[in-house]
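Comments concern the structure below.
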Amino acid sequence: MSTTSTDRKPDDRAPAADQPARSASSAWFRDIGWRMALAVAAAIVAALSAPTWLSTLLTVAASVVVVERVVRLRRRGMLDAALVGSGMLVVVLGLLGLLLNYVPGGIGRTSWSIGAVLLAILLLTIVGLGEDVPPSPFRPLWSRSSLPTAIWGVAAAAILVFAIVISTQSFQRTHVAPLDLASTPVRDGVATLTVSSGSEQGPFEVDLVTSTSRVVLAKNVTVSAGVSSALVIAVPARTRALVQLVQPGTTVVLRQLIFDTTATASAVPSTGATG
């Protein structure tokens, strides 16, 4: 009669008590975490004034994945998700803009970025509280697609992103403050000129033109975006003079002011034609 001794080896699976926690964390990141990370990345890129194509691409991608996760809760199909998601995005952004209008600093690139990412994190946190993860309403779109359909889908998405980039750039250009020349009233023969612009421009020259002469008052005048350049000038008494902002070495007038000191000792400049 023989006896066999069995030496039990430590069960490698025993220390795996933390596997459910790891599994839950992994599932959360696959469902919610990466969407939050994308939203944060889009907000940072937008706040840092990155190239328009990059910020637009990340913003569109973050908006799509956040809205797609929210509309999953309706479980009413692809068309309902597309319509409700688009409407929800418009309404939420409108309300966010209204709210930002009353906060210190107002509506700006940074406030928009911070407000949008906080809203995205809040929505994702709420929808991620439930244990049940509804399937994506757009799953049939890619589960049934063939290679030609996928190619056309990618092409359509690229055209959409390109159109958004172009429209965003056009909007930004039209909202840049133009080159401007202003002045304080003439007092004791002295006035202060201010040259400003919404973009970096220059160098320019400032000329004083009377009926008998043209005098260069300042050279190499440059302006930065949103930063004005001030210049104190002497205006002749009892005369009508033009102060012109011109290209260096030319008489091409970009902006000009008319000073009329013939009537009073204190004159208010008026804007003249810039040619």
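The values are calculated or read from the model by the stated rules, or taken from the named source; none is laboratory data. All of these numbers come straight from a predicted model, not from anything done at the bench. Every residue, glycine as well, gets a Cβ built from its backbone with ideal geometry; the counts of neighbours run over all protein chains shown. For accessibility, only protein heavy atoms count, side chains too; no ligands or nucleic acids. Shrake-Rupley method; radii C 1.70, N 1.55, O 1.52, S 1.80 Å.
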Query - Cα gyration tensor category, rounded, prolate or oblate, for region 55-100 with a/c compared to 1.5 - result: oblate
**Report entry** Under 12 Å, Cβ to Cβ, from G85 - net charge with Lys/Arg +1 and Asp/Glu -1
**Finding:** +2
Report summary line: Everything considered on the Cα gyration tensor (a ≥ b ≥ c; rounded for a/c under 1.5, else prolate if a/b is larger than b/c, else oblate), region 19-138 must be described as prolate
Query raised in the report: For region 206-255, which whole-number percentage of the solvent-accessible area (1.4 Å probe, protein heavy atoms only) is attributable to carbon and sulfur atoms?
Result: 52
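Rounded to the nearest 0.05, what FRET efficiency do F29 and R75 give with R0 = 25 Å and r taken as the Cβ-Cβ distance? Could you check? Don't skip to the answer; put the middle values down first.
Details: r = 23 Å, r/R0 = 0.93.
So the FRET efficiency works out to roughly 0.60.
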Query - Per-residue ³J(HN,Hα) for region 238-253, Karplus 6.51 cos²θ - 1.76 cosθ + 1.60, θ = phi - 60°, Hz, x for Gly and Pro - result: 6, 7, 10, 10, 10, 10, 10, 9, 10, 5, x, x, 10, 10, 6, 7
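Based on the mean of other Cβ atoms within 10 Å per residue, sort peptides 248-255, 179-186 so the most packed one is first. If you can, show how the numbers build up before the last one.
On the way: 248-255: 13.6, 179-186: 17.0.
Sorting 248-255, 179-186 by mean packing, highest first, produces 179-186, 248-255.
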Report summary line: Under the 7 Å Cα-to-Cβ spin-label approximation, T222 and Y102 lie apart by a distance in nanometres of 4.4
Requested in this report: For V60 paired with I258, estimate the spin-label separation in nm (one decimal), with each label point 7 Å from Cα along the Cα-to-Cβ line.
Outcome: 5.0
Query - Distance between modelled label sites at L89 and T194, nm, 7 Å Cα→Cβ extension - result: 4.0
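How much length would be gained if the chain were fully extended between V209 and L129, taking 0.36 nm per residue of separation minus their Cα-Cα distance, in nm to one decimal? Don't jump to the answer; show the numbers that get you there.
On the way: separation 80, 0.36 × 80 = 28.80 nm, distance 7.26 nm.
Length gained between V209 and L129: 21.5 nm.
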